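The values are calculated or read from the model by the stated rules, or taken from the named source; none is laboratory data. Fair warning: this is a prediction, and the values are worked out from it, not measured in the lab. Neighbour counts are summed over all protein chains in view; Cβ atoms, including those assigned to glycine, are modelled from backbone coordinates with ideal geometry. With ligands, DNA and RNA removed, areas are computed over all heavy atoms of the protein, side chains included. Shrake-Rupley method; radii C 1.70, N 1.55, O 1.52, S 1.80 Å.
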Amino acid sequence: MTAATLDIHLTDDDLTAALRADARLGLTADPKWLPPKWFYDARGSELFEQITELPEYYPTRTERALLERVVDAIARAAQAEVLVELGAGSAAKTRLLLTALSAQGPLKTYVPQDVSSAALRATADDVAAEFPGLAVHGVVSDFTDTLQNLPRGGRRMIAFLGGTIGNLVPEERAEFLGRIHDVLEPGEHVLLGAGLVIDPAVLVPAYDDAAGVTAEFNRNVLHVLNSRLRADFAPEKFRHVAVWDPAREWIEMRLEASEDMTVTVADLDLTVRFARGEQLRTEISAKFRVERLDAELAAAGFATRNVWTDPDERFALVLAERR
Ligand SMILES: C[S@@+](CC[C@H](N)C(=O)[O-])C[C@H]1O[C@@H](n2cnc3c(N)ncnc32)[C@H](O)[C@@H]1O
């Protein structure tokens, strides 16, 4: 069996340093907020996998069905020798791409990237075992920070699936797409999976399931603060909230304090007060219109080659070429 290799560009110490900076900034802001990457320690990655199987969480199964339908066309168009996947997680759907790219073209290398080292190690090993002819080269890093550490060489396609692009606010998205443009060569491709604007009656339950798994996932950020920065949050005292913002066309996940609380973050020497009902924003999940995705890609220097949507127009896969 060929073993996967793993490049660690984000050590445990780097993660702690980054969390210190984000926690100091976000917990002293008004309103309070934290970036969504801090959900994803080993437990957070497992909870996300559980979310993907919930009846309310339509994005994963919709994107999978769409991918099944169009994966051969993607493989033929991209002719990728190297598939780079940002925020790969368990790469469950990516197996479809790997199979098609191997059958239709010259795929030699798979580069899964993620901030969650536990999830990435498991993914890289599993894919290496399932695809013995493929070189698997995992990268632990932060896609909002730098993409320069991704391997170069070979005709590449960068996949960014699962609607994760929606976790970035518009300014961050523009910067992020610009960076992807900078690491790619003309003629190479990006494949984006993005959730579309749909009826909030379907959308909101996807982020607020009846079994409470998303609530646990949301509260996991408080467990991460407790274990990494010696904070003393009582996660069970925070209520999970998911709201649709129709003006900005995004879902916001928040944690609402159920009583007045004083929290200490020992490693930051910081005391944080929450009033009863106060909310901490933990994630945005923007939903898109196809024209907006196309315009944002064009502004970053990409030409959209194909847009595929599911029959209910809930999710889109966009293949774009770097100009
Ligand atoms: C919504 S999940 C999607 C997972 C998978 N791509 C899918 O389609 O099911 C987001 C993934 O991105 C990773 N992630 C979140 N923020 C990140 C960041 N700033 N840098 C690298 N990975 C990140 C998480 O660990 C998680 O695996």
> On the given criteria, is ALA23 away from the ligand (no atom under 15 Å from the Cβ) and either of a type outside the set (Ser, Thr, Tyr) or under 16 Å from the mean Cα position of the chain (by Cα) (or both)?
Replying inline: yes
> under 21 Å from the mean Cα position of the chain (by Cα), within 13 Å of the ligand (Cβ to nearest atom) and either closer than 22 Å to ALA303 by Cβ or among the hydroxyl-bearing types (Ser, Thr, Tyr) (or both): does that describe LEU150?
Replying inline: yes
> When both residues are 6+ apart or on different chains and their Cβ atoms are under 9 Å apart, which pairs have a first residue that lies in region 1-20 and is surrounded by fewer than 15 Cβ atoms within 10 Å (Cβ to Cβ), and a second that is in a loop (DSSP other than H, G, I, E, B) and among the aliphatic types (A, V, I, L, M)?
Replying inline: THR2/LEU134
> When only residues in region 27-40 that are touching a residue at least 24 places away in the same chain (Cβ under 8 Å) and over 13 Å from the mean Cα position of the chain (by Cα) count, which is farthest from SER227 (Cα to Cα)?
Replying inline: PRO31
> Can you pull out the residues in region 133-164 that are assigned to a loop (DSSP other than H, G, I, E, B), among the polar types (S, T, N, Q) and open to solvent by 20 Å² or more (accessible area, probe 1.4 Å)?
Replying inline: THR144, THR146, GLN148, ASN149
> Among the strands (runs of 3 or more DSSP E) contained in region 177-271, which hold 2 or more residues that are under 27 Å from ARG292 (Cβ atoms) and open to solvent by less than 10 Å² (accessible area, probe 1.4 Å)?
Replying inline: 189-195, 250-257
> What number of residues within region 204-231 satisfy the criterion of being of a type outside the set (A, V, I, L, M, F, W, C) and either touching a helix residue (DSSP H, G or I) at 6+ places or on another chain (Cβ under 7 Å) or modelled with pLDDT under 95 (or both)?
Replying inline: 9
